[in-house]
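Scroll down for the structure; my scribbles are underneath it.
Throughout, read-outs are computed from the coordinates displayed, never taken from laboratory work. Owing to the predicted nature of the structure, the values given are computational and were not obtained by experimental measurement. Every residue, glycine as well, gets a Cβ built from its backbone with ideal geometry; the counts of neighbours run over all protein chains shown.
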């Protein structure tokens with residue numbers, strides 16, 4: 001005998017819809033934050049010119065050497081899809097580990113998730129890529145980590161808020 005009401009979605013369908021909706025919302029807002037933070041004239045000047053000590057190797061990779069990074073293609077569908085896949089992974093990790101994250105509210109738990117994303121995703125990337133391969137100066141890596149920290153906070157707070165909301169009656 002089924003315990004669900006007639007014409008109601010099973011709990012599994014509701015959970016999947018919440019996960020996908022949260023992924024789309026968090027992914028979209030993170031993409032907006034990314035565009036605002038990285039595509040503005042100040043950041044482009046800081047990151048892609050030698051004026052602030054950027055390595056010529058990194059500048060060449062982003063501006064001269066073909067093929068240019070995929071994210072420079074417009075629209076950059078492979079990159080958008082990849083970022084959405086990472087956001088889905090973050091949503092699933094939050095769903096599984098939220099009770100273990102520091103913080104009593106969705107804000108505290110969201111900030112804890114953001115710290116994890118910053119350290120384990122962006123921190124690793126900056127150390128292995130720009131620092132290691134392109135000899136980027138530490139001060140520019142710190143600036144990039146600041147921008148990535150903002151991105152992580154935006155994404156994580158959306159995830160925490162939407163995944164913490166309890167379904168209403170019915």
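With contributions of -39500 (n - 2.57) from each DSSP H run of at least four residues, the per-residue ellipticity at 222 nm computed over the chain stands at -20500 deg cm²/dmol. On the beta carbon distance between residue 81 and residue 128, with R0 = 30 Å, the FRET formula returns roughly 0.85.
Given that just one value was derived from the coordinates, which of (1) 18.5, 72; (2) 14.6, 43; (3) 19.3, 71 is Rg and Dmax of the Cα atoms in Å? From the options (1) 18.5, 72; (2) 14.6, 43; (3) 19.3, 71, the structure gives (3).
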